[in-house]
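Since every read-out is calculated from the coordinates, none of them should be taken as a lab result. Computed from a prediction, not measured in an experiment: that's the story for all the values here. Here the Cβ is made from the backbone with ideal geometry for all residues, glycine too, and neighbour counts use every protein chain on show.
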Amino acid sequence: MEIKFAPTFEKSLKKLIRRETWWYKTYEFFRYDIGRFLGNVWRFRKGLSQHYWWDHHGMLMFMESALIHMSDRLEKDGLEVDESRLKKVEKIRRAVQIIQNYNNDLFIDMAEAELGELYSRGFDMNDFVETGETIDNPLGEKNEKTYYWVDRLSEEESEHNRKVYQRAREISDSEWIEFCEILKGQDYVKFDKNIDFYKQFDGSGLKGWWD
């Protein structure tokens with residue numbers, strides 16, 4: 001069997017070999033890597049300033065910034081056909097929205113929009129009543145007075161608030177599952193071979209978000 005190569009193959013091969021040399025890697029570092037690094041410091045500044053080893057919200061901020069950048073560039077400069085590319089953009093932006101809902105703790109607001117606002121009587125020192133008991137607190141103060149808090153809401157108002165908090169938890173759990181499903185993507189094995197791929201593809205799947 002005779003194997004033929006296009007005239008450009010030799011040029012492409014030489015280019016790949018050149019990219020592996022130390023001098024080209026040095027050039028690439030100063031020409032591209034430093035600028036990209038500085039640009040990324042600015043892009044991920046919120047995550048960098050809010051990242052703590054003991055908290056996951058900062059990690060989500062990194063992902064939020066990366067996904068916003070990816071979706072904007074994919075929509076504007078992506079080479080993929082519109083049928084799949086725009087679905088990916090939509091799913092990526094939905095993932096961003098879920099991150100923002102979670103990090104900004106918007107689920108109470110969302111629950112209130114469905115069920116009505118929480119009842120509140122404000123905060124008043126008169127709501128705290130002495131129990132008549134005393135304790136030695138951790139600061140070393142002896143015979144410290146203890147108090148209990150008096151809920152001034154009616155039973156109906158307290159029940160309404162309970163439902164709002166419960167609904168907020170439900171929305172939070174539902175959106176987190178949705179977020180994980182978006183990143184996981186579809187199982188293409190389950191696609192119907194008799195139906196066009198693009199009609200079944202919904203744009204999800206982190207592994208497929210590239211251009």
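Mind listing the long-range amide H neighbours of Phe44? Cut-off is under 5 Å, sequence gap 5 or more, other chains count too, H placed in the peptide plane at 1.01 Å from N.
For Phe44, no residues qualify.
For Lys11, Lys193, Lys87, which order do you get if you count the other beta carbons within 10 Å of each Cβ and list the fewest first?
In increasing order of surrounding Cβ atoms, one gets Lys193, Lys11, Lys87.
I want to check the label-to-label distance for Arg19 and Trp42. Put each point 7 Å from Cα in the C-beta direction and report it in nm to one decimal.
2.6
Where does the charge balance sit around Glu114 when Lys and Arg score +1, Asp and Glu -1, over other residues with C-beta under 12 Å from its C-beta?
That sum, taken over residues with Cβ under 12 Å, equals -2.
At a 10 angstrom cut-off on C-beta neighbours, averaged per residue, how do the peptides 64-73, 91-100 rank from highest to lowest?
91-100, 64-73
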